[in-house]
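Novice: Dropping the structure in here first, questions after.
The values are calculated or read from the model by the stated rules, or taken from the named source; none is laboratory data. If you're wondering where the values come from, they're calculated on a predicted model, not measured in any experiment. Neighbour counts run over all protein chains shown; Cβ positions are idealised from the backbone, glycine included.
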Amino acid sequence: MRYYPAAIALSMLAAVTASVGQARDVEPADPRVNTLLASGEAQLSAGEKNAAIGSFESALALDPGHVATFVALGNAERSNGMPGKAIHYYREALSRDPNNVSAISGEGEALADKGALDRAKGNLARLEGLCGKTCDASKALAATIARGPMPRVVSAESVKPEPKVESN
């Protein structure tokens, strides 16, 4: 009985400490981040992929923990044909917010682009558990998986022409 108040105090301390550790900063600390994100999205929709990546990286420099910036960078790298880099950024976003629907969907689409369809299907199952089969992210990921991997780029070194000797 005499340990009862101390046990309650310790359990309250543990609960408060755990909830503070799980708190997420939804809005960036610096308002310039939103401006850079909007600018990057406009550049990306205009087809200026490298300029958009530059804007997103500037936003990341201002607020290194903002999840939306990592998702935007992943989207830009994926549209730039770099699914490996995109997966890196999506995983950074998921390490900060494990249930971020955009990051799960983006990572699944990048995995499908690389040909890792089984892992992309795992992301689809996780996504369907979070938002259902009818949400836009689930539909987009299912369509990307159905489409299959992106065609591989062939390098000039891998294609060797047959030598042909002709007489004049």
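Novice: Does residue 128 satisfy the criteria of being touching a Cys at 6+ places or on another chain (Cβ under 9 Å), surrounded by fewer than 23 Cβ atoms within 10 Å (Cβ to Cβ) and not aliphatic (A, V, I, L, M)?
Specialist: yes
Novice: Something else about it: Take residue 114 and decide whether it is among the basic types (Lys, Arg) and closer than 23 Å to residue 48 by Cβ. Give the steps one after another, and end with the answer.
Specialist: Details: among the basic types (Lys, Arg): yes; closer than 23 Å to residue 48 by Cβ: no.
Criteria not met by residue 114.
Novice: Among (1) within 24 Å of residue 53 (Cα to Cα); (2) in contact (Cβ under 8 Å) with a residue 12 or more places away in the chain; (3) among the polar types (S, T, N, Q), where does residue 95 come up short?
Specialist: It is condition (2) that residue 95 fails.
Novice: Continuing with the same structure: Taking into account only those residues within segment 27-71 that are under 23 Å from residue 140 (Cβ atoms) and among the hydroxyl-bearing types (Ser, Thr, Tyr), which is nearest to the chain's Cα centre (by Cα)?
Specialist: Going through the qualifying residues, I end up with 69.
Novice: Out of 129, 108, 74, 122, I need the residue that is assigned to a helix (DSSP H, G or I), under 16 Å from the mean Cα position of the chain (by Cα) and without any contact (Cβ under 8 Å) to a residue 24 or more places away in the chain. Which one?
Specialist: Only one candidate qualifies: 122.
Novice: Here's something else I'd like to know. Please go through segment 87-104 and pick out each residue that is closer than 19 Å to residue 128 by Cβ, assigned to a helix (DSSP H, G or I) and out of contact with any Phe, Trp or Tyr (no Cβ under 6 Å at 6 or more places or on another chain).
Specialist: The answer is 90, 94, 101, 102, 104.
Novice: Here's a follow-up. Hey, any hits in segment 119-138 for a residue that's of a type in the set (A, V, I, L, M, F, W, C), modelled with pLDDT of 90 or more and touching a Pro at 6+ places or on another chain (Cβ under 7 Å)?
Specialist: Scanning segment 119-138, I find no residue that is of a type in the set (A, V, I, L, M, F, W, C), modelled with pLDDT of 90 or more and touching a Pro at 6+ places or on another chain (Cβ under 7 Å), so the answer is no.
Novice: Picking from 113, 97, which residue would you name as being among the charged types (D, E, K, R) and either over 19 Å from residue 33 (Cα atoms) or at pLDDT below 90 (or both)?
Specialist: 113
Novice: Output the residues belonging to segment 55-71 that are assigned to a helix (DSSP H, G or I) and either at pLDDT below 90 or among the aliphatic types (A, V, I, L, M) (or both). Show your work before the answer.
Specialist: Narrowing segment 55-71 to residues assigned to a helix (DSSP H, G or I): 55-62, 67-71.
Correct list: 59, 60, 61, 62, 67, 68, 71.
Novice: Sticking with this one: If I go through segment 132-152 residue by residue, how many of them are without any contact (Cβ under 8 Å) to a residue 24 or more places away in the chain and either basic (Lys, Arg) or in a loop (DSSP other than H, G, I, E, B) (or both)?
Specialist: Filtering segment 132-152 for residues without any contact (Cβ under 8 Å) to a residue 24 or more places away in the chain gives 132-134, 136, 139, 142-143, 146, 151-152.
Right, trim to either basic (Lys, Arg) or in a loop (DSSP other than H, G, I, E, B) (or both) and you get 132-134, 139, 151-152.
Summing the residues that are without any contact (Cβ under 8 Å) to a residue 24 or more places away in the chain and either basic (Lys, Arg) or in a loop (DSSP other than H, G, I, E, B) (or both) in segment 132-152 gives 6.
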